[in-house]
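The values are calculated or read from the model by the stated rules, or taken from the named source; none is laboratory data. Keep in mind that what you see is a predicted model, and the values were worked out from it rather than measured. Cβ coordinates were reconstructed from backbone atoms using ideal geometry, including for glycine residues, and neighbour counts include every protein chain displayed. Each accessible area value is taken on the protein alone, full model and side chains, heavy atoms only, with ligands, DNA and RNA left out. Shrake-Rupley method; radii C 1.70, N 1.55, O 1.52, S 1.80 Å.
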Amino acid sequence: VDITYQKLATRQLAAEAELLEREVARRTAELNSLFQALPDMYFRLSADGTALFVVNYDSNTMTMLRSSDLHILQTVQTGTHPVGVTYDGVTGRVWVAVYTGELMIYDTK
């Protein structure tokens with residue numbers, strides 16, 4: 001039984017897997033450099049403009065500030081490396097996305 005084509009396909013799959021692994025490593029490095037280059041805070045203003053919600057990537061926290069004078073009203077722990085925040089004006093909830101893929105919801109009322 002001739003297995004020449006099977007060996008060729010196996011080598012091609014291994015080459016493709018190596019190429020994909022290099023691409024994943026490149027994109028991961030690109031995202032990590034982006035997070036290092038940008039300030040480590042991402043923010044959202046409440047619908048009424050009275051509160052500012054800031055996620056702090058390195059300290060794994062979300063801080064609520066009074067927007068008029070930036071006085072810290074509250075700081076809470078989030079999951080590992082928060083990367084996004086949004087405010088739902090209808091419910092008064094703050095949604096925080098973290099690097100591990102979790103979504104954390106905080107009540108502000």
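Annotations for the structure displayed:
- For the range 41-55, a residue qualifies if it is of a type outside the set (A, V, I, L, M) and open to solvent by less than 20 Å² (accessible area, probe 1.4 Å), and the qualifying residues are 46, 53.
- Every pair of residues 6+ apart whose Cβ atoms lie under 9 Å, when the first sits in the range 42-53 and is without any contact (Cβ under 8 Å) to a residue 40 or more places away in the chain and within 10 Å of residue 67 (Cβ to Cβ) while the second is open to solvent by less than 30 Å² (accessible area, probe 1.4 Å) and part of a loop (DSSP other than H, G, I, E, B): 52/46
- Any hit, the range 20-37, residues being of a type outside the set (Phe, Trp, Tyr) and in contact with a strand residue (DSSP E or B) (Cβ under 9 Å, 6 or more places away or on another chain): no
- Residues that are out of contact with any strand residue (DSSP E or B) (no Cβ under 7 Å at 6 or more places or on another chain) and either basic (Lys, Arg) or assigned to a strand (DSSP E or B) (or both), drawn from the range 89-109: 109
- Residue satisfying all of: in the range 67-109; free of Cβ contacts under 8 Å to residues at least 12 places away in the same chain and aliphatic (A, V, I, L, M); farthest from residue 52 (Cα to Cα) among these: 103
- Qualifying residue in the range 60-82 (condition: surrounded by 14 or more Cβ atoms within 10 Å (Cβ to Cβ) and either among the aromatic types (Phe, Trp, Tyr) or in contact with a Cys (Cβ under 9 Å, 6 or more places away or on another chain) (or both)): no
Residue-wise test of (1) at pLDDT below 90; (2) not charged (D, E, K, R).
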{"site": "67", "(1), (2)": "yes, yes"}
{"site": "75", "(1), (2)": "no, yes"}
{"site": "93", "(1), (2)": "no, no"}
{"site": "97", "(1), (2)": "no, yes"}
{"site": "103", "(1), (2)": "no, yes"}
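- Flag for residue 33 being polar (S, T, N, Q), modelled with pLDDT under 90, open to solvent by 60 Å² or more (accessible area, probe 1.4 Å) and in a helix (DSSP H, G or I): yes
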